[in-house]
Amino acid sequence: MDTNNSEDSSQLSTQFCNSYKVSSLTGTILDATQISNLSDRYVLGKQLGWGQFGVIRECSDKFTGEVLACKSIAKDRLVTVEDVRSIKLEIEIMTKLSGHPNVVDLKAVYEEEDYVHLLMELCAGGELFHRLEKYGRFSETEARVIFRHLMQVVSYCHGNGVVHRDLKPENILLATKSSSSPIKLADFGLATYIKAGQNLHGTVGSPFYIAPEVLAGGYNQAADVWSAGVILYILLSGMPPFWGKTKSKIFDAVRAADLRFPSDPWDHISASARDLIMGMLRVDPSTRLTAAEVLAHSWMEECEQVAQKPCKQDDLCCKQLEVGGSSFSATFISRNMDCSFGYGGFSFSSCCKSSVADFSSPIPSMPSFSFFSPISAVEQGNASLGHKVNMTKLDEKHGESSLESCLFCQVPYFLLGVR
C-alpha cells in the first residue's frame, strides 16, 4: 500500500540533528557522522509501549538525570526499502517540527548494529484519550484551551508542508500531570510532506477520525482538519460523530457523513461550537475550513476572552458534565477499536508516561477493533467494571472485529440506574 506519495519523499536528508552511531557500524540507515553509544549516556528503564518495529522505554540521562522516552526500532524488522524510508521520514519530520511548544521534541537519534533509537521528550501527563476515558467529556472552556493548542500545531505543520494524517486523542499528550498542562502532538509515523495543490493517495489513519476523501482516494491537508473536527466533537460530547460496530461500518458512517447533534448533550453546548464543527466536517474538502480559518472562528476567539480572565487552577481540569447521556469510554470507543493503519508504526503511549495501563494489541502488527455493547455490559455485570481485560478477535479474512467481549469497558451509570 502506498501511504506517502510525496514527490520528494524518496529524496530525504540523511543528516539529522544530534544523530550518532556506534564506532563499529559500517552500513548505516541514517549516515550519522558523530560517534557515540546510547549506553554511554542513557540508562534504559521500563517499557512504555510497543509496535510493529520495536519498543518504547523510559530512559534517563546519566549526567543530567533528565527522563526521556526511547523508541527503539529493530532494524531487522525494516524488511523493505519503504520501511527504511518511512523511519527516515518520521525522524526528518520530527526534527523539522521540534521546538514548537506543542510538538513532542526529538532530542537525539542513535544508530547501533541492531537498533535505531529515537530519544524523545517524555510527557508525564499521559494521553488525552485517557482523560476522556476517565471524565467522559470536557466543558467548552476546557475544550477551547486544548483545541486551540491543537489547531495551532496543525497550522504549524501545514505551514511547513507537513500533513499529520493520524490526529486522534491517543496522539495528543499532556506534558505534565497538572490540570492546566499544555498538550504535545506526538506520533508522526504516518506524517508526510505535501506541496500546495498536491493530492496524496493511500488509505491511512484511524477509523473514527479518517476523512471521507481519504477513503475515496485523493486528499490533502484538509484531511487533518476533518480529524480535528471529530476530536472537537468528542471533546464536547463524549461520543464520536460517526461510528459503527466494525471497521467497515465506521467507514460507511464516515462516507455517509450524516452529522447530527443530539439534544443530549448538544442543547447544553453553544451554537458557535456546533457551527465550527460543521465547518470542519464538510464532506467537500475544498469548502472545509482551513486550520487558519478554524483558529479565526468566533468560538476560538472566545478562548482568548476566557484566557484573559483570572481563573483557579481547578477551573481547567476536566469534569464530567451532569447532563446525562453516555461517556466516551463506556459506550462508543474502546482503545483498540481505534488503531492506526498504514505502513505499521508504534502502539499508543509512544512518548508518554501514564498511570493508565497500556492496552496495545497482543499482536502489535495487527490492528484490532473492539466494540462495546451497552446490552452486553448489563449482562456481564461486575465483570465489565474494569476488573477484567479481554481482547476482541480479529477476523483475518475480512479485517473485522467479532465481539468477544469489551476491552477495558465499564458499565455506564445511566444503564445501571445509578449516578
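The values are calculated or read from the model by the stated rules, or taken from the named source; none is laboratory data. These numbers were taken from a predicted model, which means no experiment stands behind them. Please note: Cβ atoms are built from the backbone with ideal geometry, for glycine as well, and neighbour counts cover all protein chains shown.
Looking only at region 34-48, filter to residues that are part of a strand (DSSP E or B) and surrounded by 20 or more Cβ atoms within 10 Å (Cβ to Cβ); which one of those is modelled with the lowest pLDDT? Let's see the steps before the verdict.
First, the residues of region 34-48 that are part of a strand (DSSP E or B): 34-35, 42-48.
Now drop any that are not surrounded by 20 or more Cβ atoms within 10 Å (Cβ to Cβ), which leaves 42, 48.
Values: Y42: 96, L48: 89.
Only one residue fits best here, namely L48.
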Inset, instruction - Only residues in region 76-101 that are surrounded by fewer than 21 Cβ atoms within 10 Å (Cβ to Cβ) count as the first member; pair them with residues that are in a helix (DSSP H, G or I), Cβ under 7 angstrom, at least 6 apart or cross-chain, and list the lot. - result: L78/V84; L78/I87; H100/V153; H100/Y156
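Restricting to region 165-190, what's the tally of residues that are under 10 Å from the mean Cα position of the chain (by Cα) and of a type outside the set (F, W, Y)? Full working, then the answer.
Filtering region 165-190 for residues under 10 Å from the mean Cα position of the chain (by Cα) gives 165-173, 185-188.
Checking the rest, the ones that are also of a type outside the set (F, W, Y) come to 165-173, 185-187.
Qualifying residue count for the region: 12.
Residues are listed down the side, and each one gets a yes or a no for (1) crowded, with 17+ Cβ neighbours inside 10 Å; (2) in a helix (DSSP H, G or I):
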position	(1), (2)
L232	yes, yes
P241	yes, no
F261	yes, no
V283	no, no
Inset, instruction - Would you check if there is a residue in region 162-177 being part of a loop (DSSP other than H, G, I, E, B), out of contact with any Gly (no Cβ under 9 Å at 6 or more places or on another chain) and surrounded by fewer than 24 Cβ atoms within 10 Å (Cβ to Cβ)? - result: no
Legend entry - Positions within region 127-161 being in contact with a strand residue (DSSP E or B) (Cβ under 8 Å, 6 or more places away or on another chain) and surrounded by fewer than 19 Cβ atoms within 10 Å (Cβ to Cβ), in sequence order: H149, Y156, G161
Inset, instruction - Filter region 179-228 for residues that are in contact (Cβ under 8 Å) with a residue 60 or more places away in the chain, of a type in the set (G, A, S) and not in a strand (DSSP E or B) and give the result. - result: S179, S180, A186, G189, A191, G202, S206, A211, A222, A223, S227, A228
Legend entry - Residue in region 87-99 that is of a type in the set (V, I, T) and touching a Cys at 6+ places or on another chain (Cβ under 7 Å) present: yes
Legend entry - Residues (β-branched (V, I, T), in a strand (DSSP E or B) and closer than 17 Å to P182 by Cα) located in region 97-113: V103
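Tell me, please, whether a residue that is of a type outside the set (D, E, K, R) and within 22 Å of H164 (Cβ to Cβ) can be found in region 270-277. Before the answer, list the steps.
Quick first cut of region 270-277, residues of a type outside the set (D, E, K, R) only: 270-273, 276-277.
Pick out the ones that are also within 22 Å of H164 (Cβ to Cβ) and you get 276-277.
The answer is yes; a qualifying residue exists.
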Inset, instruction - Looking at (1) surrounded by 23 or more Cβ atoms within 10 Å (Cβ to Cβ); (2) of a type in the set (S, T, Y); (3) within 27 Å of K96 (Cβ to Cβ); (4) more than 18 Å from the chain's Cα centre (by Cα), find the lone condition where S206 falls short. - result: (4)
